[in-house]
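Undergrad: Supplied in structure tokens, the structure appears directly below.
Any read-out appearing in this document is the output of simple, stated calculations on the displayed coordinates, not a laboratory observation. In this text, all values refer to a predicted model and were calculated from it rather than measured experimentally. Here Cβ is always computed from backbone atoms with ideal geometry, including for glycine, and neighbour counts include all displayed protein chains.
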Amino acid sequence: MYKKDTKELEKQLEKTHPDEISDYLRENEAETLSNDRPFMKYMNEKLKEKKLQKQEVFVKADINRGYGYKLLDEEKTTRQRDVILRICYAAEFTVSETQHALALCKMSRLYARDPRDALIMTCFNNRPGTVIDVNELLRKNRMEVLRSSGVQG
């Protein structure tokens with residue numbers, strides 16, 4: 001996991017001239033994303049830290065096991081943000097950990113001004129139950145449920 005906060009890196013970059021970027025990157029090599037499957041590394045690290053098995057997460061996320069493995073191994077990618085949200089919720093990620101996972105997938109972060117995202121954020125913060133329970137809350141509030149593998153749930 002990273003030792004420096006993103007804001008700390010941003011402050012350092014404010015003082016860094018473009019000609020000095022190689023020094024910055026060398027100095028912060030452990031703090032920057034690599035092109036070597038960063039999502040896979042992050043997810044494996046977090047699941048190990050939380051002592052969770054991938055298969056257990058896929059069951060809780062209500063995602064096909066084969067598809068889930070391919071996503072987490074970066075053999076497949078998805079444009080379905082909801083799939084990543086399902087996995088993160090099932091893996092008991094915090095909002096911050098989920099935001100990081102979304103960023104690694106180059107997906108939009110949860111946005112507090114968006115009513116659906118706001119409700120999802122409260123679910124991550126308060127853990128009202130399973131992904132199915134989250135979908136029930138979304139339905140109850142007349143919001144789109146978390147999709148699974150491109151299929152409406």
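Undergrad: So which lysines pass the test for K11, namely a Cα distance under 18 Å, with those fewer than 8 places away in the same chain ruled out?
TA: Candidates past the 8-residue exclusion: K3.
Undergrad: So which aspartates and glutamates pass the test for K60, namely a Cα distance under 16 Å, with those fewer than 8 places away in the same chain ruled out?
TA: In chain and number order, the partners are D82, E92, D133, E136.
Undergrad: Using the Karplus curve 6.51 cos²θ - 1.76 cosθ + 1.60 with θ = phi - 60°, work out ³J(HN,Hα) for each residue of segment 23-31 in order, rounded to whole Hz, and write x for Gly and Pro.
TA: So the J values, rounded to whole Hz, are 5, 4, 5, 5, 5, 10, 3, 6, 9.
Undergrad: Now, a different point. Add -39500 (n - 2.57) for each DSSP H run of 4 or more in the chain, then divide by its residues: what number comes out at 222 nm, to the nearest 500 deg cm²/dmol?
TA: -16000 deg cm²/dmol
Undergrad: I need the calculated FRET efficiency for the pair K4 and E92, taking r as the beta carbon distance and R₀ as 25 Å, to the nearest 0.05.
TA: Efficiency, from the Cβ-Cβ distance: 0.55.
Undergrad: How far, in nm, would the chain grow between E75 and N126 when pulled straight, counting 0.36 nm per residue and subtracting the alpha carbon separation?
TA: So the chain would gain 15.1 nm between E75 and N126.
Undergrad: Moving to a separate point now. Taking amide H positions as placed 1.01 Å from N in the peptide plane, with prolines and chain starts having none, which residues 5 or more places from S148, or on another chain, fall under 5 Å of its amide H?
TA: Long-range HN contacts for S148: G153.
Undergrad: With a 10 Å Cβ neighbour count serving as the proxy for reagent exposure, in which order, fewest first, do H100, H17 appear?
TA: H17, H100
Undergrad: Any chance you could run the full-extension gain for Q12 through E144? It's 0.36 nm times the residue separation minus the Cα-Cα distance, nm to one decimal.
TA: This chain segment gains 43.5 nm when fully extended.
Undergrad: Which angle from 0 to 90°, rounded to the nearest 10, does the C-alpha axis of helix 95-104 make with the longest principal axis of the chain?
TA: 70
Undergrad: If you don't mind, there's one more thing I want to ask. To the nearest 10 degrees, how steep is helix 38-49 against the longest Cα principal axis of the chain, on a 0 to 90 scale?
TA: Around 70 degrees separate the two axes.
Undergrad: Could you work out the relative contact order of segment 38-140? I mean the mean sequence separation of Cα pairs under 8 Å and 6+ apart, divided by the number of residues, in percent.
TA: About 26 percent, as a whole number.
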